[in-house]
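Below is one structure, written out as structure tokens, with a few remarks after it.
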Amino acid sequence: MTLQRQIGFWLISLVVLVLLLVLLRDVLLPFIAALALAYLLDPLADRLERLGLGRLAATIVILVVFILIFVLALVLLAPLLGQQLTGLVARLPEDATKLQALILERGAPLLERLGGAKLAEDAQSSLGNLVGEATKWMGSVLQSLWSGGTAIIGVFSLLVLTPVIAFYLLVDWDRMCATVDSWLPLDHRDTIRGLLREMDRAIAGFLRGQALVCLLLGTFYAIGLSLLGVNFGALIGIISGFLSFIPYVGSLTGLVLSVGVATVQFWPDWTMPLATLAVFAAGQFLEGNIFQPKFVGDSIGVHPVWLMFALLAFGTLFGFVGLLLAVPLAAVIGVLCRFALRQYLASNIYHGGDAAKAAETHERLKADV
């Protein structure tokens with residue numbers, strides 16, 4: 001009965017948490033962002049404390065430096081990116097039409113040989129509809145980001161409230177962790193602490209490492225495309241780097257955008273589109289062989305397919321807040337699933353009632369963790 005009550009308590013708590021996230025998702029953004037910021041900066045605050053600074057002084061120094069760097073980057077990059085975003089939205093329909101004409105010009109003879117004029121006409125009609133719908137959708141999305149009153153309020157709260165909330169969280173971080181630790185059930189405290197440490201390693205390793213990978217990739221793509229003279233190269237590069245936290249999505253998005261823009265811009269010269277392709281090939285080589293192994297590794301322990309599913313699922317349920325929560329929650333679920341699997345493999349159910357083998361497996365799995 002005790003086990004049933006415990007299971008019922010945690011299930012009810014989970015349902016209440018999900019309902020609260022759904023109901024409050026429109027106002028949670030600055031709080032989630034501040035929590036993530038405080039979580040990422042806490043090790044730096046601890047290091048400054050070991051150097052002799054008090055917690056309050058360390059928090060002030062960290063947040064002042066962070067805000068100065070953020071404001072400096074915003075002042076330097078915002079005008080350039082804003083100008084390129086406006087130009088990209090304005091030229092997107094025209095460039096899409098030109099790209100469609102080039103594809104049909106080169107592909108129509110092949111289609112006529114394969115299936116006759118009817119197949120070429122159908123392909124032209126389908127491609128035209130596809131390009132038109134994609135252009136309309138992208139334009140509406142970009143416009144809604146800037147014209148929506150809710151979006152403006154969200155950006156304002158993110159920029160103004162997040163540093164304030166992060167300050168208070170960072171000052172009291174160790175005290176909050178100690179308080180939560182004191183609430184853990186005494187009978188299972190060691191097990192829960194082990195799971196929390198495993199979750200912390202997975203989340204912290206991925207967030208800190210992946211943030212650095214996204215920054216490096218975005219800088220590499222932006223500089224490479226700008227040096228090639230590709231229109232909107234800095235914007236496309238930064239978008240690609242930002243989206244790189246979703247496996248394969250950032251590189252594919254940047255590749256399609258940059259090669260399409262370069263093809264329209266430099267046609268009939270194929271040198272620059274191929275050079276653009278080479279930039280992304282080099283970026284993928286750096287990401288797969290240097291950046292990811294060095295800064296991220298296997299810290300999260302989650303398969304890329306599960307990660308993409310989590311991003312889509314939580315993004316659909318909770319919007320942008322869901323995207324922020326997707327990776328930590330995916331890591332937490334992964335840790336809990338591995339724990340459940342270890343418990344099953346060490347149970348009498350798996351071993352068919354052989355208690356000795358179950359105990360041996362339990363000790364081996366415990367040593368592996």
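What the range 1-60 shows is 71 Å² of accessible area per residue, with the surface traced by a 1.4 Å probe over protein heavy atoms. Note on the range 210-260: along the principal axes its Cα atoms extend 28, 18, 11 Å, ordered by decreasing extent.
Taking 0.36 nm per residue of sequence separation and removing the Cα-Cα distance, the Val64/Val164 pair yields an extension gain of 34.9 nm. Each label point was placed 7 Å from the Cα along the Cα-to-Cβ direction; for Ala90 and Asp26 their separation is 3.4 nm.
Within the set of other residues whose C-beta is less than 15 Å from the C-beta of Leu44, count the net charge using Lys and Arg as +1 and Asp and Glu as -1. The answer is 0.
Per-peptide packing, taken as the mean over residues of other Cβ atoms within 10 Å, places 217-225, 332-340 in the sequence 217-225, 332-340 from highest down. Taking 0.36 nm per residue of separation and subtracting the current Cα-Cα distance, fully stretching the chain between Val305 and Asp174 would add 43.7 nm. Computed from the C-alpha gyration tensor, the three semi-axes of the ellipsoid equivalent to the range 30-81 are 25, 14, 8 Å, from longest to shortest. Each semi-axis of the equivalent ellipsoid for the range 193-298 is √(5λ) with λ an eigenvalue of the Cα gyration tensor; in descending order they amount to 32, 11, 10 Å. Stretching the chain fully between Thr97 and Arg197 yields a gain of 30.6 nm (0.36 nm per residue, less the alpha carbon separation). If you roll a 1.4 angstrom probe over the protein chains with everything in place, what fraction of the accessible area of the range 24-99 belongs to carbon and sulfur, to the nearest %? Summing carbon and sulfur atoms, their accessible area is 76 percent of the total for the range 24-99. With a Förster radius of 22 Å applied to the beta-carbon distance between Val75 and Ser226, the computed FRET efficiency rounds to 0.75.
For the residues Ser226, Ser347, a 1.4 Å probe over the protein chains yields an accessible-area ranking, largest first, of Ser226, Ser347.
The values are calculated or read from the model by the stated rules, or taken from the named source; none is laboratory data. Given the structure is predicted, the values throughout are model-derived calculations rather than measurements. Backbone-built Cβ (ideal geometry, glycine too); neighbour counts: all protein chains shown. What goes into the accessible areas is simple: the full protein's heavy atoms, side chains included, and nothing from ligands, DNA or RNA. Shrake-Rupley method; radii C 1.70, N 1.55, O 1.52, S 1.80 Å.
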